[in-house]
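*Asks:* Below you'll find the structure I mean.
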Amino acid sequence: MESILPHAEKVENFEVAHTFKTLGERFMILNAMEIRRENRKNSLILLSIEDITERKLMGRKLEETMHRYEEMIYSSPSLIAILEGPKFIISIANEPFLNQLGKGENIIGTPYLEAVPDLEEQGLGEILRKVYKTGKPDYVHEIPVNITRNGKTVLSYFNFGYQAQRDTKGVINGVAILANEVTVQAELNKSIRESETRFHQMTDLTPDKIICADTSGKIYYFNKSWLNFTGLNLKQLIKKGWEHLMHPEEVKYVLNNWNKAMTGDVFEVELRLRDKNNVYKWHLGRAVPLKDEEGNILMWIGAITQIQKLKEEEERKEVFLKMVSHELKTPLTSIKGYTQFLLEMIEGSKEDVLQSLPIIPSLERIDSQINRLTRLISEMLDLSRVQESQLILQSENFNLNTMVEQCVEDIRYSYSTANIIVNQQSELSVYGDRDRISQVLINLITNAIKYSPIDKNIEIDVFEVREGMASVSVKDQGIGINQDDQKNIFERFFRVTGKDEQTFAGFGIGLFLAKEIMTRHNGDIEVESEKGKGSLFTFSIPYISMDGKEEKMERKNRAVGIPVIKGEFIKS
């Protein structure tokens, strides 16, 4: 006041800040004027002070808010613009927004749809006008937009959000745009959708019933084959699940296996499913997990294949085998009767000539072969019981080497063109069903001869594969077996298919029975083969150990035809 009033009559709106001890910092506006009094030497000063602290603080907050608002807009990687009025004048546009449009700051202050006419042609102008008119926000996701930049049209994908702007009275005065470019994501999603479409088309064309399940085992997808089979739509199948289609006898078994598979086990079962005509049909179900790079299960994909015709074919085969076996039993019974009758006649004859001829041994051998053939027929009749693990063994101690020699001797009579060489590497005795094990060896030798149409040299080895286990191998120089077929060669009714194999007859049960017989003897059977280079089949069973004295006695007994062998049985 000392500096101003001498030169001016008043001070107006002079802002001053002062920190008071008790009040703290305060902001004030000072107004002062000189009052001259007549007949007085000194003048007076009229001073008014207005405390504007609250207003000042509110102004600061407003400035800070505006700063944050502008900072948010201009520093955001998202595309942000504020359009004013019905002509959508661009009042604010951040750098990412301008860069995407391929425009500079010179478009600020101009109508948005005039600055970028491409967007009007693609329908975005209509969305703006709708939001401005109704005040309701609008959002579009992964919308394709063609934008011309530097003379080139580029296709990009965006997520757009349009929000009406209002004044203090709530009147709409503009529209805010918030957008994000999602071209990479959109193209990936597009690729995924196309992949899903191809997957659905592929699964709908396949006759198998395809399912997809989440990690908890809940099925969320059934292909068209399910719909055709059940007569239900996808929603009905998802809601009801496939449990209601299973045969009541198999529901618990299938679901238990399904739940076990969810922990990482393999899911593969045979089950019956009900079709739209309420007829149960056999299916083979298999499911595998789809995992990420770390081995975590993401989902499950399964295929259910109808095997009703295969089951019916198996039943027909079994009926056929039973019928054939039954028909064979009648002539065999007659042959056995006549053989025994001839034996009785010769043994009762007083003619020395008959006694001197090898008729009795020959008839005894015929009788033995008839017994073996009868037993094989019984096995064919009882094939179902073999599968149910009810094969009965008549076990005894016998010399494996002698059995091999006798089997080979029998086969030589029927296959005179085959050159069979036997290598007795070890003297071995076993405890088991002699006829069953003979059946295995005969099957392997006859197969070796059958599948060796050119080179009929067959080599048989008897050896100790390891301590406590005796082995017999049959090696041929025949057509061989493919690697893919070797894992199925011991399955019931399985026959190798191919140009070379079509000429060889068989039912496909010989190796299945051989495997079963070896399993019942705590043994095993395996194959090594290469296509065109022959095959090597080897079966192994536990043997009986003997000391030196017993071994010499055994050899002596075998020489005179005594089959009984004493010794200690060693379990595998």
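The values are calculated or read from the model by the stated rules, or taken from the named source; none is laboratory data. Fair warning: this is a prediction, and the values are worked out from it, not measured in the lab. Cβ sites come from the backbone with ideal geometry, for glycine too, and all protein chains shown count toward neighbours. Heads up: the accessible areas ignore ligands, DNA and RNA and are worked out on the full protein's heavy atoms, side chains in. Shrake-Rupley method; radii C 1.70, N 1.55, O 1.52, S 1.80 Å.
*Asks:* Give the number of residues within the range 498-535 that are hydroxyl-bearing (Ser, Thr, Tyr), open to solvent by 70 Å² or more (accessible area, probe 1.4 Å) and modelled with pLDDT of 70 or more.
*Replies:* 1
*Asks:* Okay, next question. With 276, 252, 240 as the choices, which residue is surrounded by fewer than 13 Cβ atoms within 10 Å (Cβ to Cβ), of a type in the set (D, E, K, R) and closer than 22 Å to residue 312 by Cβ?
*Replies:* 276
*Asks:* Considering only residues of the range 205-228 that are within 28 Å of residue 260 (Cα to Cα) and either of a type in the set (A, V, I, L, M) or assigned to a helix (DSSP H, G or I) (or both), which is most open to solvent (accessible area, probe 1.4 Å)?
*Replies:* Once the filter is applied, the top-ranked residue is 224.
*Asks:* Filter the range 513-532 for residues that are of a type in the set (A, V, I, L, M, F, W, C) and assigned to a helix (DSSP H, G or I); which is nearest to residue 476 (Cα to Cα)?
*Replies:* Here the residue is 514.
*Asks:* Could you count how many residues in the range 188-204 are among the aromatic types (Phe, Trp, Tyr) and either more than 19 Å from the chain's Cα centre (by Cα) or open to solvent by 60 Å² or more (accessible area, probe 1.4 Å) (or both)?
*Replies:* Final tally of qualifying residues: 0.
*Asks:* Considering only residues that are of a type in the set (Val, Ile, Thr) and more than 20 Å from residue 284 (Cα to Cα), which ones fall in the range 202-240?
*Replies:* 215, 238
*Asks:* Given the conditions (1) at pLDDT 90 or above; (2) over 42 Å from the mean Cα position of the chain (by Cα), which single one is not true for residue 471?
*Replies:* Unmet for residue 471, out of (1) at pLDDT 90 or above; (2) over 42 Å from the mean Cα position of the chain (by Cα): (2).
*Asks:* Just to confirm my filter: which helices (runs of 4 or more DSSP H) fall fully inside the range 110-187 and include at least 1 residues that are open to solvent by 30 Å² or more (accessible area, probe 1.4 Å) and basic (Lys, Arg)?
*Replies:* 124-134
*Asks:* While we're here: Can you tell me which residue in the range 282-304 is nearest to residue 272 (Cα to Cα), limited to those that are in contact (Cβ under 8 Å) with a residue 40 or more places away in the chain and open to solvent by 50 Å² or more (accessible area, probe 1.4 Å)?
*Replies:* Here the residue is 301.
*Asks:* Just one of (1) modelled with pLDDT of 65 or more; (2) not in a helix (DSSP H, G or I) trips up residue 390, so point out which.
*Replies:* Unmet for residue 390, out of (1) modelled with pLDDT of 65 or more; (2) not in a helix (DSSP H, G or I): (1).
*Asks:* Right, next: Return the only residue of 26, 36, 55 being open to solvent by 70 Å² or more (accessible area, probe 1.4 Å), among the basic types (Lys, Arg) and in contact with a Ser or Thr (Cβ under 8 Å, 6 or more places away or on another chain).
*Replies:* One residue alone meets the criteria, 36.
*Asks:* Do you know which of the residues in the range 58-92 that are among the hydrophobic types (A, V, I, L, M, F, W, C) and open to solvent by 80 Å² or more (accessible area, probe 1.4 Å) is modelled with the highest pLDDT?
*Replies:* 58
*Asks:* For the range 142-152, which residues satisfy the criterion of being without any contact (Cβ under 8 Å) to a residue 24 or more places away in the chain and either touching a helix residue (DSSP H, G or I) at 6+ places or on another chain (Cβ under 9 Å) or more than 14 Å from residue 102 (Cβ to Cβ) (or both)?
*Replies:* If the condition is that a residue be without any contact (Cβ under 8 Å) to a residue 24 or more places away in the chain and either touching a helix residue (DSSP H, G or I) at 6+ places or on another chain (Cβ under 9 Å) or more than 14 Å from residue 102 (Cβ to Cβ) (or both), then 143 is the only one that fits.
*Asks:* Follow-up. Restricting attention to the range 407-443, which residues are among the polar types (S, T, N, Q), part of a helix (DSSP H, G or I) and surrounded by 15 or more Cβ atoms within 10 Å (Cβ to Cβ)?
*Replies:* 438, 439, 443
Per-residue answers, yes or no, for (1) open to solvent by 30 Å² or more (accessible area, probe 1.4 Å); (2) of a type in the set (A, V, I, L, M); (3) modelled with pLDDT under 90:
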residue: 353; (1), (2), (3): yes, yes, yes
residue: 382; (1), (2), (3): yes, no, yes
residue: 398; (1), (2), (3): no, no, no
residue: 405; (1), (2), (3): yes, no, no
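*Asks:* So for the range 328-338 (the condition being farther than 23 Å from residue 217 by Cα, modelled with pLDDT of 75 or more and open to solvent by 100 Å² or more (accessible area, probe 1.4 Å)), does at least one residue qualify?
*Replies:* no
*Asks:* Right, another one. Give just the number: which of (1) under 30 Å from residue 108 (Cβ atoms); (2) over 60 Å from the mean Cα position of the chain (by Cα); (3) assigned to a strand (DSSP E or B) does residue 19 not satisfy?
*Replies:* (1)
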